[in-house]
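The values are calculated or read from the model by the stated rules, or taken from the named source; none is laboratory data. Computed from a prediction, not measured in an experiment: that's the story for all the values here. Here the Cβ positions follow ideal geometry from the backbone for every residue, glycine too, while neighbour counts run over all protein chains shown.
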Ligand SMILES: Nc1ncnc2c1ncn2[C@@H]1O[C@H](COP(=O)(O)OP(=O)(O)OP(=O)(O)O)[C@@H](O)[C@H]1O
Ligand SMILES: [Mg+2]
(Lines give C-alpha, C1' and ligand atoms only; values in the text may rest on other atoms or scores of the structure.)
(Ligands and ions follow the chains in the order given, each with its own letter.)
Protein backbone atom coordinates (compact mmCIF):
# COMPACT_ATOMS: atom_id res chain seq x y z
CA UNK A 1 0.00 0.00 0.00
CA UNK A 2 1.26 3.47 -0.85
CA UNK A 3 1.23 5.77 2.15
CA UNK A 4 2.86 8.77 0.50
CA UNK A 5 2.01 9.84 -3.02
CA UNK A 6 3.59 13.06 -4.13
CA UNK A 7 2.55 14.19 -7.57
CA UNK A 8 4.39 17.06 -9.25
CA UNK A 9 4.86 18.95 -6.01
CA UNK A 10 6.10 22.46 -6.37
CA UNK A 11 6.82 25.09 -3.75
CA UNK A 12 7.74 28.64 -4.68
CA UNK A 13 8.37 31.30 -2.08
CA UNK A 14 7.88 34.92 -2.91
CA UNK A 15 10.92 36.90 -1.95
CA UNK A 16 10.35 40.54 -1.31
CA UNK A 17 13.43 42.66 -1.35
CA UNK A 18 13.24 46.43 -1.09
CA UNK A 19 15.53 47.20 -3.98
CA UNK A 20 14.23 44.83 -6.62
CA UNK A 21 10.83 43.67 -7.72
CA UNK A 22 9.51 40.66 -5.80
CA UNK A 23 11.10 37.51 -7.12
CA UNK A 24 10.40 33.85 -6.62
CA UNK A 25 12.51 31.18 -4.99
CA UNK A 26 11.54 27.78 -6.29
CA UNK A 27 12.32 25.49 -3.36
CA UNK A 28 10.69 22.34 -4.78
CA UNK A 29 10.27 21.89 -8.48
CA UNK A 30 7.98 19.25 -9.94
CA UNK A 31 8.79 16.45 -7.50
CA UNK A 32 6.92 13.15 -7.73
CA UNK A 33 7.48 9.98 -5.74
CA UNK A 34 5.62 7.25 -3.87
CA UNK A 35 6.46 5.58 -0.59
CA UNK A 36 5.04 2.20 0.35
CA UNK A 37 3.97 1.24 3.86
CA UNK A 38 6.90 0.03 5.95
CA UNK A 39 9.58 1.63 3.79
CA UNK A 40 12.43 3.62 5.32
CA UNK A 41 13.21 6.31 2.79
CA UNK A 42 16.09 8.78 2.98
CA UNK A 43 15.92 12.27 1.52
CA UNK A 44 19.37 13.48 0.52
CA UNK A 45 20.57 16.69 -1.00
CA UNK A 46 22.82 19.66 -0.33
CA UNK A 47 21.80 22.69 1.76
CA UNK A 48 18.88 24.47 0.16
CA UNK A 49 17.98 21.47 -2.03
CA UNK A 50 14.36 21.48 -0.91
CA UNK A 51 14.29 18.66 1.66
CA UNK A 52 12.64 20.63 4.45
CA UNK A 53 10.21 22.28 2.03
CA UNK A 54 9.18 18.86 0.74
CA UNK A 55 8.66 17.57 4.28
CA UNK A 56 6.70 20.67 5.22
CA UNK A 57 4.29 20.13 2.36
CA UNK A 58 3.85 16.46 3.24
CA UNK A 59 3.25 17.27 6.90
CA UNK A 60 0.74 20.03 5.95
CA UNK A 61 2.89 22.82 7.41
CA UNK A 62 3.35 24.43 4.02
CA UNK A 63 0.86 24.50 1.19
CA UNK A 64 2.06 23.27 -2.21
CA UNK A 65 2.17 26.06 -4.78
CA UNK A 66 1.03 23.42 -7.24
CA UNK A 67 0.89 19.68 -7.48
CA UNK A 68 -0.74 17.32 -5.02
CA UNK A 69 0.19 14.91 -2.30
CA UNK A 70 -1.62 12.25 -0.37
CA UNK A 71 -0.37 11.07 2.99
CA UNK A 72 -1.98 8.01 4.58
CA UNK A 73 -4.73 8.32 1.99
CA UNK A 74 -5.57 11.95 2.77
CA UNK A 75 -4.92 15.01 0.67
CA UNK A 76 -2.40 17.32 2.34
CA UNK A 77 -4.11 20.47 1.08
CA UNK A 78 -7.76 19.67 1.74
CA UNK A 79 -7.59 17.11 4.56
CA UNK A 80 -4.76 18.46 6.66
CA UNK A 81 -6.43 17.61 9.96
CA UNK A 82 -6.69 13.92 9.04
CA UNK A 83 -3.10 13.89 7.80
CA UNK A 84 -1.82 15.41 11.04
CA UNK A 85 -3.56 12.78 13.10
CA UNK A 86 -1.69 10.03 11.28
CA UNK A 87 1.85 11.35 11.41
CA UNK A 88 4.78 12.17 13.66
CA UNK A 89 7.22 14.91 12.69
CA UNK A 90 10.61 16.05 13.90
CA UNK A 91 11.23 19.43 12.36
CA UNK A 92 14.75 20.58 11.55
CA UNK A 93 14.52 23.32 14.19
CA UNK A 94 12.82 21.24 16.86
CA UNK A 95 9.49 21.85 18.46
CA UNK A 96 9.72 21.44 22.23
CA UNK A 97 8.73 24.63 24.00
CA UNK A 98 11.36 26.01 26.36
CA UNK A 99 9.38 26.61 29.54
CA UNK A 100 7.63 23.28 29.98
CA UNK A 101 9.20 20.30 31.66
CA UNK A 102 10.42 17.34 29.65
CA UNK A 103 7.90 14.87 31.12
CA UNK A 104 4.96 17.27 30.78
CA UNK A 105 5.91 18.11 27.23
CA UNK A 106 5.88 14.42 26.27
CA UNK A 107 2.63 13.60 28.06
CA UNK A 108 0.88 16.72 26.77
CA UNK A 109 1.97 15.99 23.24
CA UNK A 110 0.54 12.47 23.46
CA UNK A 111 -2.75 13.79 24.82
CA UNK A 112 -2.89 16.47 22.17
CA UNK A 113 -2.83 13.62 19.68
CA UNK A 114 -5.77 11.87 21.27
CA UNK A 115 -4.17 9.55 23.85
CA UNK A 116 -5.69 9.19 27.32
CA UNK A 117 -3.57 10.59 30.14
CA UNK A 118 -2.62 7.07 31.25
CA UNK A 119 -1.66 5.97 27.75
CA UNK A 120 0.25 9.20 27.12
CA UNK A 121 2.10 8.80 30.40
CA UNK A 122 3.14 5.21 29.76
CA UNK A 123 4.19 5.97 26.17
CA UNK A 124 6.13 8.99 27.40
CA UNK A 125 7.91 6.99 30.12
CA UNK A 126 8.89 4.30 27.66
CA UNK A 127 10.32 6.79 25.16
CA UNK A 128 12.05 8.77 27.90
CA UNK A 129 13.86 5.60 28.93
CA UNK A 130 14.81 4.73 25.39
CA UNK A 131 16.14 8.19 24.62
CA UNK A 132 17.85 8.60 28.01
CA UNK A 133 15.55 11.39 29.10
CA UNK A 134 14.26 9.74 32.28
CA UNK A 135 16.75 11.54 34.50
CA UNK A 136 15.70 14.77 32.84
CA UNK A 137 11.94 14.22 33.30
CA UNK A 138 11.51 17.20 35.63
CA UNK A 139 13.91 19.48 33.76
CA UNK A 140 12.73 22.54 31.82
CA UNK A 141 13.21 21.85 28.14
CA UNK A 142 14.97 25.20 27.69
CA UNK A 143 17.87 24.05 29.87
CA UNK A 144 18.64 20.88 27.92
CA UNK A 145 21.83 20.49 25.92
CA UNK A 146 21.54 20.46 22.12
CA UNK A 147 21.59 16.68 21.83
CA UNK A 148 19.25 16.17 24.78
CA UNK A 149 16.79 18.54 23.16
CA UNK A 150 17.04 16.68 19.88
CA UNK A 151 16.27 13.45 21.73
CA UNK A 152 13.22 15.13 23.25
CA UNK A 153 12.05 16.22 19.77
CA UNK A 154 12.38 12.64 18.55
CA UNK A 155 10.55 11.20 21.56
CA UNK A 156 7.75 13.75 21.10
CA UNK A 157 7.27 12.81 17.47
CA UNK A 158 6.75 9.17 18.44
CA UNK A 159 4.73 9.37 21.64
CA UNK A 160 1.35 8.92 19.94
CA UNK A 161 2.59 5.83 18.04
CA UNK A 162 2.14 7.29 14.55
CA UNK A 163 2.07 4.97 11.53
CA UNK A 164 4.09 7.42 9.50
CA UNK A 165 7.06 9.41 10.72
CA UNK A 166 8.83 12.37 9.11
CA UNK A 167 12.26 13.11 10.54
CA UNK A 168 14.08 16.20 9.28
CA UNK A 169 17.77 15.70 10.06
CA UNK A 170 16.94 13.88 13.29
CA UNK A 171 20.49 12.90 14.19
CA UNK A 172 22.16 16.31 13.91
CA UNK A 173 24.05 16.90 17.15
CA UNK A 174 23.41 13.43 18.57
CA UNK A 175 26.24 11.50 20.16
CA UNK A 176 27.06 8.10 18.63
CA UNK A 177 25.07 6.15 21.22
CA UNK A 178 21.95 8.26 20.69
CA UNK A 179 22.34 8.01 16.96
CA UNK A 180 22.58 4.23 17.21
CA UNK A 181 19.48 4.06 19.40
CA UNK A 182 17.48 6.11 16.91
CA UNK A 183 18.54 3.80 14.07
CA UNK A 184 17.66 0.77 16.12
CA UNK A 185 14.30 2.24 17.07
CA UNK A 186 13.44 3.18 13.48
CA UNK A 187 14.15 -0.38 12.34
CA UNK A 188 12.23 -1.83 15.25
CA UNK A 189 9.17 0.34 14.55
CA UNK A 190 9.22 -0.76 10.95
CA UNK A 191 9.78 -4.45 11.67
CA UNK A 192 7.32 -4.75 14.54
CA UNK A 193 4.53 -2.47 13.33
CA UNK A 194 5.15 -1.60 9.71
CA UNK A 195 5.77 2.06 10.47
CA UNK A 196 6.87 4.12 7.46
CA UNK A 197 9.72 6.59 7.83
CA UNK A 198 10.85 9.46 5.61
CA UNK A 199 14.02 11.03 6.96
CA UNK A 200 16.39 13.64 5.65
CA UNK A 201 20.07 13.45 6.44
CA UNK A 202 23.46 14.74 5.39
CA UNK A 203 25.14 11.67 6.85
CA UNK A 204 25.65 9.36 3.97
CA UNK A 205 26.66 6.44 6.14
CA UNK A 206 23.33 6.86 7.89
CA UNK A 207 21.37 6.84 4.64
CA UNK A 208 23.29 3.81 3.47
CA UNK A 209 22.87 1.85 6.69
CA UNK A 210 19.28 2.72 7.50
CA UNK A 211 17.34 3.34 4.32
CA UNK A 212 15.70 0.93 1.91
CA UNK A 213 15.48 3.64 -0.66
CA UNK A 214 16.98 7.05 -1.28
CA UNK A 215 15.53 10.12 -2.93
CA UNK A 216 18.22 12.55 -3.99
CA UNK A 217 17.17 16.13 -4.57
CA UNK A 218 19.20 19.03 -5.82
CA UNK A 219 18.00 22.50 -6.71
CA UNK A 220 14.43 21.46 -5.90
CA UNK A 221 14.42 18.61 -8.40
CA UNK A 222 14.42 14.90 -7.76
CA UNK A 223 17.56 13.62 -9.48
CA UNK A 224 17.64 10.01 -8.28
CA UNK A 225 15.26 7.52 -6.69
CA UNK A 226 16.42 4.01 -5.88
CA UNK A 227 18.06 1.66 -3.42
CA UNK A 228 21.40 2.81 -1.99
CA UNK A 229 23.05 0.00 -3.96
CA UNK A 230 21.40 1.03 -7.21
CA UNK A 231 22.28 4.66 -6.75
CA UNK A 232 25.87 3.67 -6.08
CA UNK A 233 25.95 1.61 -9.25
CA UNK A 234 24.91 4.61 -11.33
CA UNK A 235 28.05 6.33 -10.19
CA UNK A 236 30.63 4.02 -11.55
CA UNK A 237 32.96 1.24 -10.59
CA UNK A 238 34.43 0.02 -7.34
CA UNK A 239 37.85 1.16 -6.26
CA UNK A 240 40.60 -1.35 -5.62
CA UNK A 241 42.96 -0.23 -2.86
CA UNK A 242 46.17 -2.14 -2.35
CA UNK A 243 48.64 -1.27 0.39
CA UNK A 244 52.28 -2.02 -0.26
CA UNK A 245 54.22 -3.81 2.48
CA UNK A 246 57.07 -1.36 2.04
CA UNK A 247 58.07 1.69 0.01
CA UNK A 248 60.16 -0.32 -2.43
CA UNK A 249 57.08 -2.22 -3.63
CA UNK A 250 55.07 0.88 -4.54
CA UNK A 251 56.29 1.34 -8.09
CA UNK A 252 55.85 -2.36 -8.90
CA UNK A 253 52.33 -2.12 -7.50
CA UNK A 254 51.57 0.91 -9.65
CA UNK A 255 52.66 -0.74 -12.86
CA UNK A 256 50.97 -4.07 -12.09
CA UNK A 257 47.66 -2.49 -11.09
CA UNK A 258 47.79 -0.13 -14.04
CA UNK A 259 48.02 -3.13 -16.33
CA UNK A 260 45.40 -5.27 -14.54
CA UNK A 261 42.81 -2.53 -14.18
CA UNK A 262 43.45 -0.59 -17.38
CA UNK A 263 43.31 2.73 -15.57
CA UNK A 264 45.91 5.05 -14.06
CA UNK A 265 46.49 4.20 -10.38
CA UNK A 266 46.70 6.90 -7.71
CA UNK A 267 49.31 6.73 -4.98
CA UNK A 268 48.88 7.95 -1.43
CA UNK A 269 51.69 6.94 0.89
CA UNK A 270 51.93 3.17 0.72
CA UNK A 271 48.43 2.85 -0.75
CA UNK A 272 47.80 2.48 -4.43
CA UNK A 273 44.20 2.76 -5.63
CA UNK A 274 42.61 2.28 -9.00
CA UNK A 275 39.11 2.28 -10.47
CA UNK A 276 38.19 -1.34 -10.89
CA UNK A 277 35.18 -2.03 -13.09
CA UNK A 278 35.77 -5.79 -13.03
CA UNK A 279 34.63 -6.12 -9.42
CA UNK A 280 35.28 -9.07 -7.14
CA UNK A 281 35.23 -11.55 -10.04
CA UNK A 282 38.47 -10.21 -11.43
CA UNK A 283 40.42 -9.99 -8.19
CA UNK A 284 41.99 -13.36 -8.76
CA UNK A 285 43.68 -12.09 -11.91
CA UNK A 286 45.12 -9.15 -9.98
CA UNK A 287 46.47 -11.44 -7.28
CA UNK A 288 48.11 -13.58 -9.95
CA UNK A 289 49.69 -10.55 -11.63
CA UNK A 290 51.02 -9.40 -8.27
CA UNK A 291 52.49 -12.82 -7.57
CA UNK A 292 54.13 -12.83 -11.01
CA UNK A 293 55.67 -9.44 -10.22
CA UNK A 294 56.86 -10.82 -6.84
CA UNK A 295 54.85 -8.24 -4.88
CA UNK A 296 53.03 -9.35 -1.78
CA UNK A 297 50.78 -6.53 -0.59
CA UNK A 298 50.07 -5.74 3.06
CA UNK A 299 46.33 -5.46 2.37
CA UNK A 300 43.89 -5.41 -0.47
CA UNK A 301 40.41 -3.91 -0.39
CA UNK A 302 37.65 -3.55 -2.95
CA UNK A 303 35.52 -0.56 -2.02
CA UNK A 304 32.18 0.31 -3.67
CA UNK A 305 31.55 4.02 -4.33
CA UNK A 306 30.56 5.88 -1.19
CA UNK A 307 27.33 7.85 -1.20
CA UNK A 308 29.48 10.97 -0.97
CA UNK A 309 30.96 10.14 -4.34
CA UNK A 310 27.55 9.08 -5.60
CA UNK A 311 26.05 12.36 -4.61
CA UNK A 312 28.73 14.49 -6.20
CA UNK A 313 28.49 12.50 -9.39
CA UNK A 314 24.68 12.68 -9.53
CA UNK A 315 24.73 16.42 -9.01
CA UNK A 316 27.36 16.85 -11.70
CA UNK A 317 25.35 14.60 -14.04
CA UNK A 318 22.31 16.79 -13.48
CA UNK A 319 24.25 20.00 -14.08
CA UNK A 320 25.68 18.63 -17.31
CA UNK A 321 22.23 17.63 -18.58
N1 LIG B 1 9.99 30.82 3.85
C2 LIG B 1 10.86 30.90 2.86
N3 LIG B 1 10.96 32.03 2.11
C4 LIG B 1 11.84 32.12 1.08
N5 LIG B 1 12.66 31.12 0.72
C6 LIG B 1 12.61 29.98 1.42
C7 LIG B 1 11.71 29.80 2.52
N8 LIG B 1 11.90 28.56 3.01
C9 LIG B 1 12.87 28.00 2.27
N10 LIG B 1 13.28 28.84 1.31
C11 LIG B 1 14.31 28.56 0.28
O12 LIG B 1 13.94 27.37 -0.39
C13 LIG B 1 15.10 26.60 -0.70
C14 LIG B 1 14.95 25.20 -0.14
O15 LIG B 1 15.03 25.26 1.28
P16 LIG B 1 14.88 23.98 2.21
O17 LIG B 1 14.81 24.46 3.61
O18 LIG B 1 13.73 23.16 1.73
O19 LIG B 1 16.25 23.22 1.92
P20 LIG B 1 16.87 21.93 2.62
O21 LIG B 1 17.12 20.93 1.55
O22 LIG B 1 16.05 21.51 3.77
O23 LIG B 1 18.30 22.49 3.10
P24 LIG B 1 19.16 22.18 4.44
O25 LIG B 1 20.01 20.99 4.14
O26 LIG B 1 20.00 23.41 4.57
O27 LIG B 1 18.22 21.99 5.58
C28 LIG B 1 16.29 27.38 -0.15
O29 LIG B 1 16.83 28.14 -1.21
C30 LIG B 1 15.66 28.28 0.91
O31 LIG B 1 16.42 29.47 1.08
MG1 LIG C 1 16.36 21.41 5.75
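Brief remarks follow.
- Neighbours by Cβ (under 6 Å, 6+ apart or cross-chain): first from region 188-206, at negative phi and modelled with pLDDT of 90 or more; second in a helix (DSSP H, G or I) and away from ligand 2 (no atom under 16 Å from the Cβ): 195/189; 197/186
- Restricting region 163-174 to residues that are part of a loop (DSSP other than H, G, I, E, B) and closer than 15 Å to residue 153 by Cβ, the residue that is farthest from ligand 1 (Cβ to nearest atom): 174
- Single unsatisfied condition, residue 42 versus (1) in a strand (DSSP E or B); (2) under 16 Å from residue 165 (Cα atoms); (3) away from ligand 2 (no atom under 16 Å from the Cβ): (3)
- Some residue of region 15-36 being within 15 Å of ligand 2 (Cβ to nearest atom), assigned to a loop (DSSP other than H, G, I, E, B) and either outside the structural domain of residue 162 (by TED's automatic domain parsing) or touching a helix residue (DSSP H, G or I) at 6+ places or on another chain (Cβ under 6 Å) (or both): no
- Residue match in region 80-96 (condition: surrounded by fewer than 18 Cβ atoms within 10 Å (Cβ to Cβ), in a loop (DSSP other than H, G, I, E, B) and more than 16 Å from ligand 1 (Cβ to nearest atom)): no
- Test result for residue 48, more than 16 Å from ligand 1 (Cβ to nearest atom) and in the same structural domain as residue 168 (by TED's automatic domain parsing): no
- Boolean, residue 258 is assigned to a loop (DSSP other than H, G, I, E, B) and not assigned by TED's automatic domain parsing to the domain that holds residue 45: no
- Qualifying position, being assigned by TED's automatic domain parsing to the domain that holds residue 45 and crowded, with 21+ Cβ neighbours inside 10 Å, among 135, 153, 191: 153
- Scanning region 289-321 for residues that are over 20 Å from residue 226 (Cβ atoms) and either out of contact with any strand residue (DSSP E or B) (no Cβ under 7 Å at 6 or more places or on another chain) or modelled with pLDDT under 85 (or both) gives 289, 290, 291, 292, 293, 294, 295, 296.
- Criterion (within 16 Å of ligand 2 (Cβ to nearest atom) and part of a helix (DSSP H, G or I)) met by exactly one of 179, 150, 190: 150
- Scanning region 217-255 for residues that are exposed (fewer than 15 other Cβ atoms within 10 Å of the Cβ) and not in a helix (DSSP H, G or I) yields 226, 227, 236, 245, 246.
- Number of residues in region 46-78 that are assigned to a loop (DSSP other than H, G, I, E, B), surrounded by fewer than 16 Cβ atoms within 10 Å (Cβ to Cβ) and away from ligand 2 (no atom under 16 Å from the Cβ) equals 4.
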